[in-house]
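In what follows, a structure is listed as structure tokens, so that the remarks can point back to it.
Just so you know, all these numbers are worked out from the coordinates, no wet-lab data involved. Everything quoted here is computed from the prediction, not taken from an experiment. All Cβ positions, glycine included, derive from the backbone under ideal geometry; neighbour counts span all protein chains shown.
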Amino acid sequence: MTVNMTKGQKISLSKADGGTLTAVRMGLGWQAAPRRGLFGSRTREIDLDASAVLFADNQPVDVVFFRHLTSDDGSVRHTGDNLVGGAGQGGDDESIIVDLQRVPVHVDQIVFTVNSFTGQTFAEVQNAFCRLVDETNGQELARYTLTGGGPYTAQIMAKVQRGTGGWSMTAIGTPANGRTFQDLIPAILPAL
Amino acid sequence: MTAELVRGQNHPLPGNRLEIRVSAGTPVVAAVTLGDEQGRVAGQAGADRQSGPAPGREWLAHPGAPQLPGVEVPKQAAAEHRLAVDLGAMPEPVHRVHVLLALPAGRTGAPANFGAAPAPHLAVTTPDGAAIAGYTVTGLGAETALLAIELYRRHGAWKVRAVGQGYDGGLPALLLDQGVPEAREVAGEIHEAVVREQSRSVDAPLASTAPAATSPSAGLAPPAVATPPAGSASGTDAAPDAPSAPPGRVDYRHPRRRAATGAAPATPPTPSAPPSPQSAAAPPVPVAGDAGGWTMEERLHNQIWGMFEDLARTVAAYRSAEDFAQSRYDQEMDALLADPRTRGGPAAEVARDEAMLKQVALVDQARAVLDRDLAQLTAESEVVEPALPPAFAGWENPTWHAYEVPEQPPLAVRLGGLTLPEAPELRIPLLVRLPLARGLWVDSEEDRGAAMDVAVAIAVRLLACHPVGGLVMHALDPAGSAATVLAPLYSGGALALPPPAAGAAGVNEVLARLTERVDLVHMAIRGGAADSLPPGFDRAEQLLIVNEFPFGFDDRAVNQIRYLADEGPAAGVHLLLVADRDDASAYGPVLDPLWRSLLRLTPLPSDHLADPWVGHAWTYEPALVPPGSQIVAQVLRRLAAARPAYGM
């Protein structure tokens, strides 16, 4: 069963049968909105990038993005940059896989962000979504839709955080502006 | 003499009176079917038997109808069974006696299938307990019933055969396959009989076996005994000692890997009881070659690189957690000291202790995770190392004693081992792909003699890893200082080429030949005429060992070496330099690119190699021949002996 999350909603990642998740995947999918006008059939390519920032006590300690595809400890892996989106037609265009068991003990939050690298705002993107999948069985845990996005170029999507009873996920959904995750750090900090 | 059978193997039986001992570690139902010559259970004799049961059923002994002529089975499910069999009392048409095992359905706490239960073991013994043959049924998965062994009559003599055929469909499928009519009903009857017997039973077998089924050591301890056989394992003896195992049971498990193998069958969770987090997190038992690839060699190569990456990353996780703990502690202390109100007094003491505790707790946590990962990698290394082919193995590995000249060069060769200070015992082989993409430089700064030993060990390894005539070796030793170390290479005829002349003349002659060769190959490749090299051109890879570079080298020769380092690998000419960088300092920075382009190896352990993922400094140790070992001479003899077969 998948949960359509709304901003600020928090769900626990422990499984119904009492077990805990061992690996989750953050999938990002999008399509460029068709432009109207003289060359209306020509869609401009939009490059969205998914990134994950690892925090320990509110300090960023590692980051996974298209230039650094695997965190140093190997727990967070980006499956590779997609420059155009829409290839999967509703499937994930970029994925970040988190092996929750391998996340170093001091990392207590992992924040997922989406940036528009080519600079278009989310108003020009259609069918964009971000979802969290249980990587062990492919089940979708939560989905967060970006469509209806406004004039901003980045969004802080969600975070998974370590609690006493295991990991939980919070939808953040804060809009921001920036080309890569570096520009977003000030916007992320209030969400921690 | 006990024979431990493998699946399909048979073994003669010495007499007609036998006992079959089943130990399954979890309650199982035992049943026996008798078959005729074709193996069918429904014999013709069945139709005119006296009492009621349908044809075929009277050749089936099960808990609901436990007695047949010559055999009797227990009425209840138990972890241990003893079936008495008298083959002499079998009716004439009976040619086969099948022993069936099934998991009782619908019991809480019991394994859902044989894959989740310890492997059942059967022993065929004489009535006084002397073992004849044993068989452990392994490789089971989703099966809930199985045909374990059969006793069969061949030319008037009885034999036992290990069958181990499991059935996903449980007893009904098994009985149907045996030709029992109304298999489903019969299976239902068996089930009912077992449930009836269980409720009547005083020493509830479930209670005594349940802990064994859930504890991680289920596969180790002798199974809890419902009906203790006299003189064998007693129920109180829980220590996994080999002597306490039932007679005839040979324990093939590695004594130090017991915990891992024992945990594996207990791992799959039963639907009713959530597994303890420990058993759910129990890592799989490592297996050599557990990686992608077309050949075992490629799989081992990939597995070693996987271990290399995992070790790099797991240590990175530990170091980053440790650094973070320290920096947080420092920050907290700074904050305490910066404020005059918190700088002194008992409150400051408490705050300081708290900060310290936080730091220690985090480091301890990180250390526990690191230890868990290191234990797993160590276990993997212990199974991978003995499985390595010579090219990947250290000189101390016995596989070198069985060395044969290969038909093909291997994927990679081992140049040494890599360790990290966090795990000095866990040595990852440093494998370098063949053909070498860059030259090698053995640094002779600290120990000249040892450096040349390392170079010769590498040269012999490269030579041994190529087919006969696949690698030609040139050695430049203008001062002759390494003549004794190089001597074994030239003795015995493993190397075709004579040692070059000493001094600058020899250097120039060899370098000119190799430079010309590289020129020629490059010209041919660029011209698209790689197949029209002049007749008599030696297509073998060339390895040039240079001792004490740049001694005996003039400017022209130094430039030629630089050219060979840059252009040689693509044309099959490889460098193995033994040099001290300081000796070459007279040439100024001109040679810096040369040093950088070579893979630096050291005769003594040194931490100068970085991994490609995290960039840790790894301690490199060369692959050295153990002192006193004759292995290099032996390998060179084999090489020399193989030459005539190739007309060389």
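Taking max minus min of the alpha-carbon positions on each principal axis, the range B:93-185 gives extents of 42, 32, 22 Å, largest first.
Across all directions, the average projected area of the convex hull around the alpha carbons of the range B:296-387 is 6.5 nm².
Each residue of the range B:455-468 was assigned a 3J(HN,Hα) from its phi angle through the Karplus expression (A = 6.51, B = -1.76, C = 1.60, θ = phi - 60°), giving 4, 5, 4, 5, 4, 5, 4, 5, 4, 5, 8, 9, x, 4 Hz with x at Gly and Pro.
Kirkwood hydrodynamic radius, computed over distinct alpha-carbon pairs, for the range B:508-647: how many Å, to one decimal?
Mean inverse Cα-Cα distance, inverted, gives 18.1 Å.
Working note: Karplus 6.51/-1.76/1.60 with θ = phi - 60° gives the range B:124-138 the couplings 9, 10, 6, x, 8, x, 6, 6, 10, 8, x, 8, 9, 7, 10 Hz, where Gly and Pro are set to x.
Under 5 Å between amide hydrogens, built in the peptide plane, is the criterion, and for B:Ala79 it picks out B:Val28, B:Ala226 among residues at least 5 positions away or on other chains. Simple spin-label estimate for A:Ser168 and A:Asp81 gives 3.6 nm between the two label positions (7 Å along the Cα-to-Cβ direction from each Cα). Amide H to amide H, with H built 1.01 Å from N, B:Arg17 comes under 5 Å of B:Leu87, counting only residues 5 or more places away or on other chains.
Could you compute the FRET efficiency for B:Ser327 and B:Asp555, with r as their C-beta to C-beta distance and R0 at 35 Å, rounded to 0.05?
Working: r = 52 Å, r/R0 = 1.49.
It comes out at approximately 0.10.
In loop segments of the range B:526-573 as defined by DSSP, the trypsin sites (Lys or Arg not before Pro) with at most 15 further C-beta atoms inside 10 Å of their C-beta are B:Arg539. One Cα centroid belongs to the range B:437-458, the other to the range A:48-105; the line between them spans 42 Å. Each distinct pair of alpha carbons in the range B:412-646 adds a 1/r term; the inverse of their mean, the Kirkwood radius, is 18.6 Å.
What is the magnitude of the charge dipole of the range B:296-387 about its Cα centre, with +1 placed on the Cβ of each Lys and Arg, -1 on the Cβ of each Asp and Glu, and no other charges, expressed in debye to the nearest 20? Mind showing how you got there, number by number?
On the way: 10 positive and 19 negative charges, 88 e Å.
Magnitude of the dipole: close to 420 debye.
Stretched out fully, how many nm does the piece from B:Glu92 to B:Asp447 gain, at 0.36 nm a residue minus the Cα gap? All intermediate terms of the calculation are to be shown ahead of the outcome.
Working: separation 355, 0.36 × 355 = 127.80 nm, distance 8.34 nm.
Fully extending the segment from B:Glu92 to B:Asp447 adds 119.5 nm.
Can you tell me the mean projection area, over all orientations, of the convex hull of the range B:447-490's alpha carbons? Units nm², please. One quarter of the hull surface, i.e. the mean projection, equals 3.1 nm². Amide H to amide H, with H built 1.01 Å from N, B:Leu601 comes under 5 Å of B:Trp441, B:Val442, B:Asp443, counting only residues 5 or more places away or on other chains.
A viscosity of 0.890 mPa s and a temperature of 25 °C, combined with the Kirkwood radius over Cα pairs in Stokes-Einstein, give a translational diffusion coefficient for the range A:102-172 of 179 µm²/s.
On the basis of the beta-carbon distance and an R0 of 56 Å, B:Arg341 and B:Arg596 show a calculated FRET efficiency of 0.50. Residue-wise HN-Hα couplings along the range B:295-311, as the Karplus relation 6.51 cos²θ - 1.76 cosθ + 1.60 with θ = phi - 60° gives them from phi, are 10, 4, 4, 5, 5, 5, 4, 5, 5, 5, 5, x, 5, 4, 5, 4, 5 Hz; Gly and Pro carry x. Each peptide in B:3-14, B:328-339, A:71-82 receives the mean, over its residues, of other Cβ atoms within 10 Å, and ordering these scores from highest gives A:71-82, B:3-14, B:328-339.
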